[in-house]
1. Inside the range 1-48, counting only helices (runs of 4 or more DSSP H) that do not spill past its ends, which hold 1 or more residues that are open to solvent by 80 Å² or more (accessible area, probe 1.4 Å), polar (S, T, N, Q) and without any contact (Cβ under 8 Å) to a residue 12 or more places away in the chain?
2. Quick one: would you say Leu139 is crowded, with 20+ Cβ neighbours inside 10 Å and more than 25 Å from His19 (Cβ to Cβ)?
3. Show me the helices (runs of 4 or more DSSP H) found entirely inside the range 53-107 where at least 2 residues are in contact (Cβ under 8 Å) with a residue 60 or more places away in the chain.
4. Inspect the range 76-98 for any residue being hydrophobic (A, V, I, L, M, F, W, C) and in contact with a Cys (Cβ under 7 Å, 6 or more places away or on another chain) and give the result as yes or no.
5. Every residue in the range 162-194 that is among the basic types (Lys, Arg) and over 22 Å from Thr123 (Cβ atoms), please.
6. Thr12 is checked against (1) closer than 20 Å to Val94 by Cα; (2) in contact with a strand residue (DSSP E or B) (Cβ under 8 Å, 6 or more places away or on another chain); (3) among the polar types (S, T, N, Q) and fails just one. What number does that condition carry?
7. Do we find that Lys84 is loosely packed, with under 13 Cβ neighbours inside 10 Å and either at positive phi or not small (Gly, Ala, Ser) (or both) in this structure?
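The values are calculated or read from the model by the stated rules, or taken from the named source; none is laboratory data. Please read all numbers here as calculations on a predicted model, not as lab measurements. Positions of Cβ are backbone-derived with ideal geometry, glycine not excepted, and every protein chain shown enters the neighbour counts. Heads up: the accessible areas ignore ligands, DNA and RNA and are worked out on the full protein's heavy atoms, side chains in. Shrake-Rupley method; radii C 1.70, N 1.55, O 1.52, S 1.80 Å.
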Amino acid sequence: MAELAELEDPRTREVNEKHGDDHGVNLSKLRALAKRLKTQQELASRLWETDETAARLLAILICRPKAFERDELDVMLREARTPKVHDWLVNYVVKKNPHSEELRRAWSADPDPVVASAGWALTTERVAKKPEGLDLAGLLDVIEAEMKDAPGCLQWALNHCLAQIGIEHAEYRTRAIDIGERLEVLKDYPTSPGCTSPFAPVWITEMVRRQHDK
């Protein structure tokens, strides 16, 4: 904890706080510290218990993802108060855990939009890598009904899933683009030069073009 405190930088914190992350540790330096510590499950648990954002990010980097029980991960996700901790926990830990599919189904239907967004992030992963057994038409039905009025983080996750279905599954591409065009979610999202818009019709079209160019 003393070492993390030494890495704290006010300018980094200022930038991070604009995105809802209350820490000032440069992530490259955090990763270097994790590389030095290597995997330490017990230390990871103790770091998580501090409730400090930088400590929790470090915990995620040095933990053993497959070591967590289902209920442990459920509690941890609900405790993850900041976007970066939430994102890293889902991507670096839950996706590699044997309980990920069970959690995907439970979280997707959770009344808490932040928890539900994690379920949809896991669904998007399956759409891209392991779509067998998924009801893609049914997912599009839910997205069509709920995305327009969903809270920010959940809306973003639903939109990502919509785009992924359109990108990966040609038979649903026209419908995915149509849903995006009618709902207009993230249509006016500011996009930096050289970056792809998160507006699903643009995103789908651009990624499919790139696949064809390969």
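1. 27-37
2. Yes, satisfied.
3. Per the criteria, 83-88.
4. Yes - at least one qualifying residue is present in the range 76-98.
5. Result: Lys187, single match.
6. (1)
7. Values: loosely packed, with under 13 Cβ neighbours inside 10 Å: no; either at positive phi or not small (Gly, Ala, Ser) (or both): yes.
Spelling it out, it is not the case that Lys84 is loosely packed, with under 13 Cβ neighbours inside 10 Å and either at positive phi or not small (Gly, Ala, Ser) (or both).
Conditions tested, residue by residue: (1) open to solvent by 80 Å² or more (accessible area, probe 1.4 Å); (2) of a type in the set (Gly, Ala, Ser); (3) under 21 Å from the mean Cα position of the chain (by Cα).
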position: Lys148; (1), (2), (3): yes, no, yes
position: Asp178; (1), (2), (3): no, no, no
position: Pro190; (1), (2), (3): yes, no, yes
position: Arg209; (1), (2), (3): yes, no, no
